[in-house]
Amino acid sequence: MTLLQVRNVTRRFGGLTAVDDVSFDVYEGTVKALIGPNGAGKSTLFNALTGFDRPDEGSVVFEGEELVGRKPREVVRVGLARTFQNTQLFEEMTAGENVMVGSQARQRRGFTTAMLRLPNAVAEDREAREDASRLLRLIGIEEWIDVPAADLPAGIRRLVEIARALATRPRLLLLDEPAAGLNATETRELVQTLFRVRDSGITVVIVEHDMGLVMEVSDEIVVLDRGAKIAEGPPRMIQKDPAVIAAYLGGEVDDDV
Amino acid sequence: MNARTLRALAPLIAVALALIVPLAVSDRFLLKVFTFCGINALVVVGLALLFGYAGQVSLGHAAFMGLGAYTSAYCTVELGWPWLLGFVAAGVVAALGGLILAIPSLRLKGYYLAMATLGFGLLMSLAFIQAEPITGGVDGFSGIPFPSIGPVEFRSASSLYWLVWGAVGIAVLVAHNITSLRPGRAMRALHGSELGAQACGVDIVGVKVRTFVVSALMAGLAGALYAGVVGFISPSLFTLTASITFIAMTIVGGTSSLAGPILAAVALTLVQYSDALIPGLPRETAQTIQSYQEDIYGLAIVLIVIFAPRGLAGLWKRRSAGNEAS
Ligand SMILES: Nc1ncnc2c1ncn2[C@@H]1O[C@H](COP(=O)(O)OP(=O)(O)OP(=O)(O)O)[C@@H](O)[C@H]1O
Ligand SMILES: [Mg+2]
């Protein structure tokens, strides 16, 4: 079943077309990778999908709902959560508190109930706390729960941001370069985490430069080059695609390669 | 006693100490000084929410205090309203002011927000002078009645002290509830990363507006209390200098804390009244200290920013974290 339909999305910055008429589908329960050289438009596309940026043209439909024009906070409430290429953690808050903020996407109690410390506000708080420790345990980093984000190693920071996104209870998780800054062991753990996330029924879209990881986790790959989609298909086909090879080598296809 | 029990007991000890002050202090002027400490603490609790938690600077908070003070004075003296009603009106008017100031905060950050709030503060302090029919202009507003709630009138120094610190207690309770639950985390998240907060579904517009309103409300109520305690207000009380004093107290107190800013509010208020505090202090010495008051505040900020960027609260947290680790 199609969970997300991206149709003819275009985003221009002045004379530069950062995303050029891109269309693809994401099927429920799969992992889709979005790859391409630096500056290909991957992060720009992510922003367009999640309400952080408005595409000039095109539509993004999630389960029949149009997302273009929605605010980020509305998009996350519909069920799309994301992480950032430059991690956007709350530095003075602990790992656990960071993840608790993720729960706010599905909570409803506001200022007044909190001010009066009404029982449902307290209950919601306890729920968020339990959720945070459960998610950090799921990802295998529960020992960092009380450490301020500013003091976390780079690899753990990426994982905390994933846990925080999961706390919003998404149907679709969008990860922008989750393996950047991770060492080999941490990357192995990330792969396991991704499989666990997928097996729990969450669909994943991942932007990543680590080709080993991409080939291992993804069911399908979309390749962008200078804003345009140049290929789409399962990993083994993409590996052999002449246009993809050309884009990555930055030149003409050479039959000997 | 380990750090955790100490931390749990600290608020109770603080409340007990605050309550018994009027029993231990017989000097009426000194008691009034401690009452002023409470009024400033009330402003600073609101500013701690806005600045220390949500990271939104305000260099115009004295304006909210002024709005509250003049509203309460006008309602009680000119309109003959009961004090409590004027007190509520003061809160409402100041909160509306906060709502107005929240609008630039939605678009501006950092220095630009500082400038916008500073402009608001200057504008209001001019308005207090210009709106003579309501405010009494430069001469000020006098003859403001003592606070009263129904038949109970707060006339004596100790009853005024309890009234003010009672209000501080309620404000702290409300602020603590906000900060320890979901809105407080949303505020700190906003402070940490607006992008990250949005990605978590935080309504950043809503959080900013609500925080500005609550913060302005507390300053307005503090203004109304001041008017009732002193009986006289004038525009010179609600100037840029006062706003900077409040932000100084908040910075010295530290981010993400209520206790730190309250402590700083009390300490820095006492600097203004060194003569009352230290009996036998020669008049000239007291005057010297007072004339250097702003320099002392400035120095306090510089020292804190250099040596303890998270303020008094940061020092305390680091120490107790160290204790728990050992
Ligand atoms: N806000 C902006 N204003 C102007 N140009 C932009 C803006 N955001 C991105 N660009 C440009 O759009 C192009 C695509 O950038 P984008 O960040 O989407 O690439 P990317 O595929 O994520 O690259 P990387 O792998 O380096 O992260 C780049 O040329 C970039 O300079
Ligand atoms: Mg990118």
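What the table shows:
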| item | result |
| --- | --- |
| Most fluctuating residue given options A:T185, A:T44, A:T83, as computed from a GNM of chain A linking Cα atoms under 10 Å | A:T185 |
| Spin-label pair B:M115/B:S236, simplified geometry with 7 Å Cα→Cβ offset, distance in nm | 3.1 nm |
| Computed FRET value (nearest 0.05) for B:A16 with B:V271, which takes r as the C-beta separation and R₀ as 22 Å | 0.30 |
| Top of B:A14, B:A286, B:A219 by mean-square fluctuation, Gaussian network on chain B, Cα under 10 Å | B:A14 |
| Calculated P(r) tail over 35 Å for chain B, as whole % of Cα pairs | 19 percent |
| Peptide A:85-92 - average C-beta neighbours from other chains (10 Å radius) | 5 |
| Probe 1.4 Å, protein heavy atoms only - accessible area per residue of region B:29-239 in square angstrom | 36 Å² |
| Size descriptor, Kirkwood hydrodynamic radius, that averages inverse alpha-carbon separations across region A:119-170, Å | 11.6 Å |
| Calculated FRET value between B:I306 and A:T17, using beta carbons and R₀ = 35 Å, to 0.05 | 0.15 |
| P(r) tail fraction, the protein assembly as shown - alpha-carbon pairs more than 34 Å apart, % | 49 percent |
| Among B:L237, B:L101, B:L299, residue whose mean-square fluctuation peaks in a GNM of chain B (springs only between Cα atoms under 10 Å) | B:L299 |
| Listing of region A:104-120 residues, each with accessible area lower by at least 20 Å² in the full protein assembly than in the chain alone (probe 1.4 Å) | A:Q104, A:Q107, A:R109, A:F111, A:A114, A:M115, A:R117 |
| Options B:V92, B:F34, B:A199, ranked by Cα towards positive dipole end of region B:29-239, top entry (Cβ charges) | B:A199 |
| Label-point separation, A:Q85 to A:R117 (7 Å along Cα→Cβ), nm | 4.6 nm |
| Expected 222 nm ellipticity per residue - DSSP helices of 4 or more, -39500 (n - 2.57), all of chain A, to 500 | -11500 deg cm²/dmol |
| Part-to-part distance (alpha-carbon centres) for region B:175-245 and region B:72-123, which is given in Å | 11 Å |
| Among B:L263, B:A102, B:G55 the positive-end extreme of the charge dipole of chain B (Cβ point charges) | B:G55 |
| Spatial separation of Cα centroids for region A:132-200 and region A:98-125, in angstrom | 23 Å |
| In the protein assembly as shown, lysine pairs with alpha-carbon atoms under 23 angstrom apart (chain gap of 8 or more, or interchain) | 10 |
| Label-point separation, B:I278 to A:T2 (7 Å along Cα→Cβ), nm | 7.9 nm |
| For B:205-214, mean number of other protein chain Cβ atoms within 10 Å | 2 |
| Loss of accessible area when B meets A, both sides summed, Å² nearest 100, probe 1.4 Å | 2800 Å² |
| Environment charge at A:R226 (Cβ cut-off 15 Å; Lys +1, Arg +1, Asp -1, Glu -1) | +1 |
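The values are calculated or read from the model by the stated rules, or taken from the named source; none is laboratory data. Just so it is clear, the model here is predicted, and its values are computed rather than measured. Cβ sites come from the backbone with ideal geometry, for glycine too, and all protein chains shown count toward neighbours. With ligands, DNA and RNA removed, areas are computed over all heavy atoms of the protein, side chains included. Shrake-Rupley method; radii C 1.70, N 1.55, O 1.52, S 1.80 Å.
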